[in-house]
1. Of the residues that sit in segment 1-54 and are under 40 Å from the mean Cα position of the chain (by Cα) and of a type in the set (Gly, Ala, Ser), which one is surrounded by the most Cβ atoms within 10 Å (Cβ to Cβ)?
2. Restricting to segment 30-53, name every residue that is small (Gly, Ala, Ser) and modelled with pLDDT under 90.
Amino acid sequence: MFNIGFQELLLILLIALVVVGPRNLPNVARALGRAFAEFRRAMNELQQTVESTDVVREFRKEFYQAQHGIKVRPLETNSKKEDGLQNPDTQSKGVELSDDKPSDT
């Protein structure tokens, strides 16, 4: 993680022993271990929060795009022809549906 070799670690422990003293060294090491564990827990919690926020943000973006991607025209009540109702199968052919009987012309 920190790319520290055995010699560097030994030097750090020797300096800590001289600075803190042999009596307090276990207590300091225990406090540092707890602090490091608490830091890791906080970082994991922050990472989960960021990931969940990204998921929510992505969901909102997709919902907004879907919501505004649908274009709704207001319906008129005069006739189906004005409503623009067409059979999906005949829509590409330009054939409109109506209630009128087919003409014999």
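The values are calculated or read from the model by the stated rules, or taken from the named source; none is laboratory data. Just so it is clear, the structure is predicted and the values come from calculations on it, not from any experiment. Positions of Cβ are generated from backbone atoms using ideal geometry, with glycine treated the same way; all protein chains shown enter the neighbour counts.
1. The selected residue is Ala29.
2. Of everything in segment 30-53, just one residue is small (Gly, Ala, Ser) and modelled with pLDDT under 90, namely Ser52.
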